[in-house]
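Let me begin by presenting the structure, written as structure tokens, before commenting on it.
The values are calculated or read from the model by the stated rules, or taken from the named source; none is laboratory data. Keep in mind it's a predicted model, so treat the numbers as computed, not measured. Neighbour counts run over all protein chains shown; Cβ positions are idealised from the backbone, glycine included.
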Amino acid sequence: MSSTSLTPTLPAARRAAPSWLAMAVVLTGTFIVTLDFFIVNVAIPATQADLGASAGAMQLVIAAYGIALAAGLILGGRLGDLVGRRRVFSIGLALFTLSSAVCGLAPDATTLIAGRVVQGAAAALMTPQALSIIGITYAGEARAKALVVYGLVMGLAAACGQLIGGLLIHVDLLGLDWRSCYLVNVPIGLAALALAPYAIRESRADGATRLDLSGALLATLALVAVVLPLVLGREHGWPLWTWLCLAAALPLLAGFAISQRRLAARGGDPLVDPALFRERAFTVGLLATILFYTGMGSFFLVLALYLQEGRGLDALGSGLVFTPLAVGYLAASIVSQGLAGRLGRQLLALGGLTRAVALAGLVLTVGAVGAGGEIALLLPALVLDGVGMGLLTAPLIATVLADMKPEHAGAASGVLSTAQQVGNALGIAVVGALFYGSLGATPSPDDIAQAFELSLIAVAGLSAAVALLVQALPRRR
């Protein structure tokens with residue numbers, strides 16, 4: 001593949017220490033994309049009542065975003081390489097802002113679902129560009145610091161999504177109720193869009209002029225075949241079509257891998273260069289990313305279910321319980337860069353083991369307090385779990401992208417972001433099935449607490465598996 005340059009050419013000092021405004025714009029896009037993955041759960045009851053929608057339609061409101069996002073990330077990353085990362089980021093941001101307005105003003109569930117599909121597709125354009133812009137603009141210690149901030153923003157958006165949504169609905173500004181969860185993106189998106197041309201320098205891959213359309217089609221079909229049944233299967237009782245989709249995913253993924261290898265061998269421009277997977281840090285890091293997000297996404301789901309259905313908290317009260325987790329995450333993210341220099345890959349292992357210990361403590365605490373005990377007793381374990389997440393998120397991203405070449409920036413970022421979304425979908429499907437499968441037709445609060453404990457044990461096992469897997473990383477990491 002051809003070499004890559006920045007357009008226009010930047011002096012070395014500029015590459016090492018770019019404007020804080022560029023980071024602010026990129027992180028604004030990252031924050032609202034991540035927030036919208038989690039905030040919608042809080043708005044579902046009010047949305048369903050206001051629109052008179054079915055439970056199935058509300059499930060699609062949640063699923064449409066995640067499916068469109070996961071399916072488009074690799075293609076979005078490659079488009080940034082070809083036509084300009086700032087340009088694609090700005091197009092994605094504009095579409096995301098517009099579709100957020102459509103969602104917030106939706107007169108019926110069909111319009112809302114359509115808006116969510118466009119939101120997810122727009123997020124797929126934005127997300128890889130954020131990592132690519134950071135990766136090619138920063139170098140050395142500056143890149144490590146930038147990735148810590150990126151991981152911090154992404155984690156806080158996830159951990160605080162329920163709290164922010166609960167506050168918006170509770171305040172009920174201008175009588176917007178659930179609509180404010182979408183409309184809040186509009187002024188934020190417009191401000192970031194206005195600043196993007198001045199804050200972000202354009203960059204692209206020189207010489208790469210053609211998009212691998214057959215590879216893009218195979219990748220999209222394969223990811224939809226994986227994510228669609230994982231997201232919708234449990235709610236529909238795992239009908240035949242879900243298994244057919246999962247079975248079809250294997251030949252589709254194999255066909256995609258073969259097509260990329262052949263295109264690279266001919267000197268073409270594959271969607272994902274197979275050379276990326278010859279880096280052990282990249283491949284092992286991706287597997288660890290899937291495991292980590294399988295446990296992280298599912299934990300947020302079962303914790304919210306336990307707090308609201310098992311303990312009777314409203315959206316705001318439940319969101320407040322997430323706050324200690326965010327505090328632990330913030331503290332650990334701040335110190336993670338310094339620890340990474342001393343501990344290397346063992347920092348990731350420490351994060352995984354910290355999560356496992358915290359979740360084991362949460363199991364014991366939930367079992368001790370029962371269905372009517374004091375919620376405050378859960379907070380120490382939640383803080384510790386946030387610490388474990390903070391020790392993992394940014395260092396894991398840095399590990400995967402450590403040796404990323406500029407010409408691979410978009411593809412590597414797209415693959416990493418896809419791994420995160422596949423992990424989320426896998427966790428919600430597997431751990432969600434474990435949670436709901438242990439409940440009867442009319443579960444009591446004690447039944448929900450026991451289902452939560454069972455789910456926590458599974459997530460703790462996933463966290464311990466991350467600590468074990470990262471031992472395969474090169475020692476120099």
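Confirm whether residue 253 is buried (at least 16 other Cβ atoms within 10 Å of the Cβ) and touching a residue at least 60 places away in the same chain (Cβ under 8 Å). No; evaluated as a whole, the condition is false for this residue. Please determine whether any residue of the stretch 169-179 is at pLDDT 80 or above and under 18 Å from the mean Cα position of the chain (by Cα). Scanning the stretch 169-179, I find no residue that is at pLDDT 80 or above and under 18 Å from the mean Cα position of the chain (by Cα), so the answer is no. Before we move on, is residue 357 closer than 30 Å to residue 81 by Cβ and buried (at least 16 other Cβ atoms within 10 Å of the Cβ)? Criteria not met by residue 357.
Yes/no matrix, rows are residues, columns are (1) more than 17 Å from residue 357 (Cα to Cα); (2) not assigned by TED's automatic domain parsing to the domain that holds residue 284; (3) not in a helix (DSSP H, G or I):
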residue	(1), (2), (3)
430	yes, no, no
433	yes, no, no
442	yes, no, yes
447	yes, no, no
450	yes, no, no
457	no, no, no
463	no, no, no
466	no, no, no
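Scanning for something assigned to a helix (DSSP H, G or I), in contact with a Pro (Cβ under 9 Å, 6 or more places away or on another chain) and surrounded by 24 or more Cβ atoms within 10 Å (Cβ to Cβ), does the stretch 61-73 turn up at least one residue? Within the stretch 61-73, one or more residues are assigned to a helix (DSSP H, G or I), in contact with a Pro (Cβ under 9 Å, 6 or more places away or on another chain) and surrounded by 24 or more Cβ atoms within 10 Å (Cβ to Cβ).
Residues that are assigned to a helix (DSSP H, G or I) and surrounded by fewer than 19 Cβ atoms within 10 Å (Cβ to Cβ) within the stretch 468-477 comprise 468, 471, 472, listed in sequence order.
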